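Trainee: Sharing a structure below in structure tokens format, with a few things to ask.
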Amino acid sequence: DAVLSLAGITKSYNTGLPGQVDVLRGVDLDVQRGEVVALVAPSGAGKSTLLHIAGLLDTPDAGSVTLHGQNLTGQSDRRRTLARRAEVGFIYQFHHLLPEFSALENIALPQLAAGTTRTDADARALALLEKVGVGHRASHRPAELSGGEQQRVAFCRALANGPALLLADEPTGNLDPATSDQVFDALMALVRDTGLSALIATHNLDLAKRMDRTVRLDTGHLAKVP
Ligand code: ADP
Ligand code: ADP
């Protein structure tokens with residue numbers, strides 16, 4: 001029962017130089033329900049391109065993207081946007097929280113946009129913050145939080161609308177090693193608790209080992225890492 005299914009994904013960029021850059025040359029990947037997959041790749045290998053295609057932010061040149069049973073290949077932008085909002089949560093290396101809003105508001109806002117009532121949105125935001133150990137920071141703005149706390153809040157925001165799939169690009173890459181470990185633990189606890197499927201890009205092989213399996217992107221192809 002795959003939550004994300006990528007089949008035969010190709011993507012090239014025309015750089016204006018002679019020829020083109022073939023970033024993805026036929027990528028196949030299934031992420032099963034509740035599975036957490038580590039994505040490792042040398043810099044420039046196409047990790048961000050792959051995550052953006054998986055999250056319907058970018059379209060492949062060929063191949064299919066199926067999310068939660070919906071084949072979105074060739075669908076309109078509108079349908080892809082709706083599917084992305086309903087099914088996908090994104091986390092980046094930097095938190096991208098709205099600076100003028102509190103931690104709680106940053107998590108409530110996407111829920112309000114999706115039609116949740118204020119009371120329910122606030123209650124869910126607080127419950128998520130408590131799960132990652134920052135319930136006591138709910139009323140703080142991002143600038144008043146440590147780097148680790150900011151990322152914890154960003155994790156909660158990604159999960160605010162109950163996505164089926166989490167896509168993360170170096171979610172703890174901006175933190176010092178000790179903080180990174182703790183914050184990654186909090187992320188994994190949250191993912192396990194919600195039964196979410198996740199594809200998490202990391203350069204950190206120790207973090208990769210804590211996920212269910214690892215795939216490596218190199219020269220346009222995905223390979224299993226034993
Ligand atoms: P990674 O995230 O693994 O560092 P990216 O997916 O960002 O890699 O990029 C993969 C390759 O594609 C790089 O060589 C990059 O320069 C190139 N690339 C990415 N986006 C574009 C673009 N919009 N136009 C041209 N080349 C691009
Ligand atoms: P870290 O050890 O992660 O670098 P800091 O030393 O930046 O953390 O912060 C330690 C604690 O102080 C954190 O819990 C953080 O929320 C709080 N804090 C930091 N800056 C502010 C601020 N400007 N206003 C309120 N609380 C703050």
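Trainee: With N residues in the stretch 86-226, what two-decimal value do you get for its Cα radius of gyration over 2.2 N^0.38 Å? Intermediate results must be reported in sequence, preceding the final value.
Mentor: Values: Rg = 15.2 Å, N = 141, 2.2 N^0.38 = 14.4 Å.
Computed over Cα atoms of the stretch 86-226, the ratio equals 1.05.
Trainee: Of 138, 16, 153, which is farthest towards the positive pole of the chain's charge dipole, taken about the Cα centre with +1 and -1 on the beta-carbons of Lys, Arg and Asp, Glu respectively?
Mentor: Most positive-ward Cα: 16.
Trainee: Related question: Given Cα positions, please report Rg to Rh for the stretch 184-226, the hydrodynamic radius being the Kirkwood one.
Mentor: 1.00
Trainee: Another question about this same structure. For the chain, what is the calculated [θ] at 222 nm in deg cm²/dmol (nearest 500), taking -39500 (n - 2.57) for each run of four or more DSSP H residues and dividing by its residue count? Working shown, then result.
Mentor: Values: 7 runs with 80 residues, N = 226.
Roughly -11000 deg cm²/dmol at 222 nm, from the helical runs in the chain.
Trainee: Related question: Of the listed peptides 108-120, 54-66, what is their order by residue-averaged count of other C-beta atoms within 10 Å, with the highest listed first?
Mentor: Top of the packing list down: 54-66, 108-120.
Trainee: Over the stretch 60-128, with a single point scatterer placed on each C-alpha, what log10 of the ratio I(q)/I(0) does the Debye formula yield at q = 0.17, 0.18, 0.26 1/Å?
Mentor: Normalising to I(0) and taking log10 leaves -0.79, -0.84, -1.14.
Trainee: Continuing with this model, one more query. Given the chain, what percent of its DSSP beta bridges are antiparallel, to the nearest 5?
Mentor: 55
Trainee: Still on this structure, I have one more. Along the charge dipole of the chain, pointing to its positive end and built from +1/-1 on Cβ of Lys, Arg, Asp and Glu, which listed residue (99, 88, 128) has its Cα farthest out?
Mentor: Final value for the positive-end residue is 88.
Trainee: Normalised by the empirical 2.2 N^0.38 Å for globular proteins, what value does the Cα Rg of the stretch 19-97 take? Kindly include the intermediate steps, with their values, before the conclusion.
Mentor: Details: Rg = 13.4 Å, N = 79, 2.2 N^0.38 = 11.6 Å.
Against the empirical 2.2 N^0.38 Å value, I get 1.16 for the stretch 19-97.
Read the figures in this text as sums done on the coordinates, not as results from a lab. Everything numeric here is computed off the predicted structure, so don't read it as measured data. Because the Cβ atoms are built from the backbone with ideal geometry, glycine has one as well, and the counts that use them run over all protein chains shown.
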